[in-house]
Each structure stands twice: as C-alpha cells, then as structure tokens.
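Shown next, in structure tokens, is the structure this report addresses.
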Amino acid sequence: MSRKKDWCQKLVEWQNQGWTVEHRKGGHLKMTHPLSPQVVFCGSTPSDWRAVMNVETRLHRLLREPAAV
C-alpha cells in the first residue's frame, strides 16, 4: 500500500476517533480533539515512510497526557 493511501485511511480513522481535521493554507492540517487542549499541525501529505507513524504517536500521546488545569 502506498503512503498516500495509508495517510488517507489514517485521516478517516482519526476523524472516527473524534479528531477534527481542518485543512489550512499552505498545505497543512490542523488537528484538534475535544479531550485535549492542544493542537497538532502536520503536513497534508506524508513526507516519508515515518510520517504517518509519527503523527499517530503524537495524537496518541496527547490523549494520554492529563489536561492542563
């Protein structure tokens, strides 16, 4: 499977998990989740074979971190 197909499948998966994906100017994505006060910015296309895995790790970590009070 290609990186682009992996990326598209993961975007749908993340949206199903509650992440809101907003396309920004310049070809980037802004991802937010109601359970996290932080925002994740990433490229809208995978730059290398680790890109999907790296974004997924960041999203997972944000949901594990306790919310700032």
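The values are calculated or read from the model by the stated rules, or taken from the named source; none is laboratory data. Since the model is a prediction, treat every value here as computed from it, not as a measurement. Heads up, the Cβs are rebuilt from the backbone with ideal geometry, glycines too, and the neighbour counts pull from every protein chain shown. Please note that ligands, DNA and RNA were not included when accessible areas were found on the heavy atoms of the full protein model with its side chains. Shrake-Rupley method; radii C 1.70, N 1.55, O 1.52, S 1.80 Å.
Between the Cα long axis of helix 51-64 and the first principal axis of the chain there is an angle of about 10°, rounded to the nearest 10. Solvent exposure of the chain, expressed per residue, is 74 Å² of accessible area, with all protein chains present and a 1.4 angstrom probe. Take the Cα coordinates of the chain, assign each an equal point scatterer, and use the Debye formula without solvent to give log10 I(q)/I(0) at q = 0.12, 0.13, 0.15, 0.27 Å⁻¹. Values returned for q = 0.12, 0.13, 0.15, 0.27 Å⁻¹ are -0.30, -0.35, -0.47, -1.36.
Take the Cβ atoms of TRP49 and GLU22, set R0 to 25 Å, and the FRET efficiency comes out at 0.50.
Among the chymotrypsin sites (Phe, Trp or Tyr not before Pro) found in the range 5-69, those both in a DSSP coil and sparsely packed, with 13 or fewer other Cβ atoms within 10 Å of their Cβ, are TRP49.
For the chain, the share of accessible area belonging to carbon and sulfur comes to 53 percent (1.4 Å probe, ligands and nucleic acids excluded).
With a cut-off of 8 Å between alpha carbons and a minimum separation of six or more residues, what is the relative contact order of the chain in percent?
Relative CO of the chain lands at 27 percent.
Below 14 angstrom from the Cβ of SER36, what's the summed charge of the other residues (Lys, Arg +1; Asp, Glu -1)? For residues surrounding SER36, the net value is +3.
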